[in-house]
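To keep things clear, I will list the structure first and then write my remarks on it.
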Amino acid sequence: MAASQNGVRNARPIRNLRWWIGGLLFASTVINYIDRQTLSLLAPYLKHDFHWRNTDYANLLIGFRVSYSIGQTVCGRLIDRIGTKRGLTTSVLWYSIVSIGTSLATGLYSFAAFRFLLGAGESANWPGATKAVSEWFPKSERGTATALFDSGSSIGGAIAPFLVFWVYFRWGWRPAFLLPGMLGFLWLLVWRRFYYLPADHPRISLAERQMILAETAELTATTWNSGLRWRHLLKLPQTWGTIIAKSFTDPVWFFITDWFPIYLVAKGISLKTGLIAVWIPFIAADLGNFFGGLASGYLIKRGWSLGAARKAIVVFGGTGVMLLIPTILTVNLAAITVLFALATFCYASFSTVANVLPSDLFKSDSVASVSGLSGTGAGIGTIIAFKFIGYFSDANQRLATHSFDTIIIVAGLVPFLGMILVLLLVRNSRATRQGLVRAI
């Protein structure tokens, strides 16, 4: 046992240890997003310094997304084989080194190379965190636990402007890329010492261990879908429902995280005066994460089936993202901020369900694999979206404050279409009766 190997079997138990584990996953996601947001926030200034067009910037983002998309599937499968602890250790070590290395970039091609490497490293975060949730939390708490770690993306996005701009306006852009790398190394020190499986953890109470293992034993001990390969997973409608849940929502979120500063400038809003507009949607998304997790958990405790509870949140989120569309009618900072905040709140509630579906539907040795496949689908969707965003935003510059209108309309409608497809695909089916997926 790992506990005995560390000589701390008799250490005092930590109350509600699973939520401390959730906190570590949250912290990893915060650092992950501060890291990737650094370029997005500095993009208006770097575009000026290096004479980039929007198309050049789009290609930088696409380079990140290509490696991130491939990495999601590859890292998901790898984490299922080598385990959560080693998988996330490798991921954070990799992207922390790359983040620090980005401070040495000298132009478009070196930035592109560093962003490609960063995407490969960061791609393991969501498959790894999703697997950790499946190992540590019962189904009634998985939604909330997923919301906790996923909210790190919005908190990281909200914190990043204050940290990055504070460093940038004092010392320039190069030191701004050093910060998230240093935070990653600090996180690794805690993670390596603190994370074990519930059965092995030296600081878990007996009652909490028994509570967790009573439910997760089914996921780790049974063999009803053991050995499912990618080709088998891709034959299941539930897998495609999980992939679509992210593929039709994440591109909208990444548009907001990666393009929002440029969008505000296109609307005639200064980043210095519009700083509140940059971070408020991220806070709204954080609240939406917890709403999605808590609300679906509440419905389950009230007697709703797992599937009905998750789908109720999907309907809420897929419908609410359409609140992006009215922003084409205004250049008022307050109105844009409120509408983006409401839309990201709804998106995040949908996103929480999208992230929890792999652990709802699949056994532990397939959770990270399915999560990785859904991340790859989201990455492909984001690459396509960014290519069109770069092209249309450049082509429509003559429209001034309306140059992003077409992009905004599409961003509001795509999650609604994804909602319809998820409702059709994620259901009990013949695969459920055959024991290939769990009943919801």
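Summary table below
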| quantity | calculated |
| --- | --- |
| Filter result (of a type outside the set (A, V, I, L, M) and more than 27 Å from TYR33 (Cβ to Cβ)) within the stretch 286-323 | TYR298, LYS301, ARG302, GLY303, TRP304, SER305, GLY307, LYS311 |
| Hits in the stretch 331-378 (condition: closer than 24 Å to ILE70 by Cα, among the hydroxyl-bearing types (Ser, Thr, Tyr) and out of contact with any Phe, Trp or Tyr (no Cβ under 9 Å at 6 or more places or on another chain)) | SER364, SER366 |
| So THR73, is it of a type in the set (Val, Ile, Thr) and under 30 Å from SER393 (Cα atoms) | no |
| Members of the stretch 332-350 found to be among the polar types (S, T, N, Q) and surrounded by fewer than 24 Cβ atoms within 10 Å (Cβ to Cβ), listed by number | ASN332, THR337 |
| Residue match in the stretch 171-182 (condition: charged (D, E, K, R), out of contact with any strand residue (DSSP E or B) (no Cβ under 7 Å at 6 or more places or on another chain) and farther than 30 Å from ASP360 by Cα) | yes |
| Conditions (1) more than 21 Å from THR406 (Cβ to Cβ); (2) surrounded by fewer than 24 Cβ atoms within 10 Å (Cβ to Cβ); (3) touching a Lys or Arg at 6+ places or on another chain (Cβ under 6 Å): number failed by VAL353 | (2) |
| Any chance LEU339 is farther than 16 Å from LYS139 by Cβ, modelled with pLDDT of 85 or more and among the hydrophobic types (A, V, I, L, M, F, W, C) | yes |
| Filtered residues of the stretch 104-119 (kept if crowded, with 17+ Cβ neighbours inside 10 Å and farther than 23 Å from ALA368 by Cα) | ALA105, PHE111, ALA112, PHE114, ARG115 |
| Given (1) among the hydroxyl-bearing types (Ser, Thr, Tyr); (2) surrounded by fewer than 24 Cβ atoms within 10 Å (Cβ to Cβ); (3) under 30 Å from LEU78 (Cβ atoms), number of the condition SER366 does not satisfy | (2) |
| All helices (runs of 4 or more DSSP H) inside the stretch 122-204 with 3 or more residues being among the aromatic types (Phe, Trp, Tyr) and in contact with a Ser or Thr (Cβ under 9 Å, 6 or more places away or on another chain) | 173-194 |
| Filter pass, VAL437 being buried (at least 16 other Cβ atoms within 10 Å of the Cβ) and in a helix (DSSP H, G or I) | no |
| Qualifying residue in the stretch 159-166 (condition: surrounded by fewer than 24 Cβ atoms within 10 Å (Cβ to Cβ) and closer than 26 Å to VAL370 by Cα) | no |
| Scan of the stretch 382-413 for residues that are at pLDDT 90 or above and within 28 Å of GLY121 (Cβ to Cβ), ordered by number | ALA411 |
| Matching residues in the stretch 413-432 - criterion: being among the β-branched types (Val, Ile, Thr) and either within 21 Å of the chain's Cα centre (by Cα) or crowded, with 18+ Cβ neighbours inside 10 Å (or both) | VAL414, VAL422, VAL426 |
| Filter result (crowded, with 24+ Cβ neighbours inside 10 Å and among the β-branched types (Val, Ile, Thr)) within the stretch 120-158 | THR130, VAL133, THR146 |
| Lone unmet requirement of (1) farther than 26 Å from ALA308 by Cα; (2) surrounded by fewer than 20 Cβ atoms within 10 Å (Cβ to Cβ); (3) in contact (Cβ under 8 Å) with a residue 40 or more places away in the chain; (4) not charged (D, E, K, R) for ILE389 | (2) |
| Any helices (runs of 4 or more DSSP H) falling wholly within the stretch 246-329 and containing at least 2 residues that are closer than 23 Å to LYS387 by Cβ | 250-266 |
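The values are calculated or read from the model by the stated rules, or taken from the named source; none is laboratory data. Because the structure is predicted, anything quoted here is derived from the model rather than measured. Here Cβ is always computed from backbone atoms with ideal geometry, including for glycine, and neighbour counts include all displayed protein chains.
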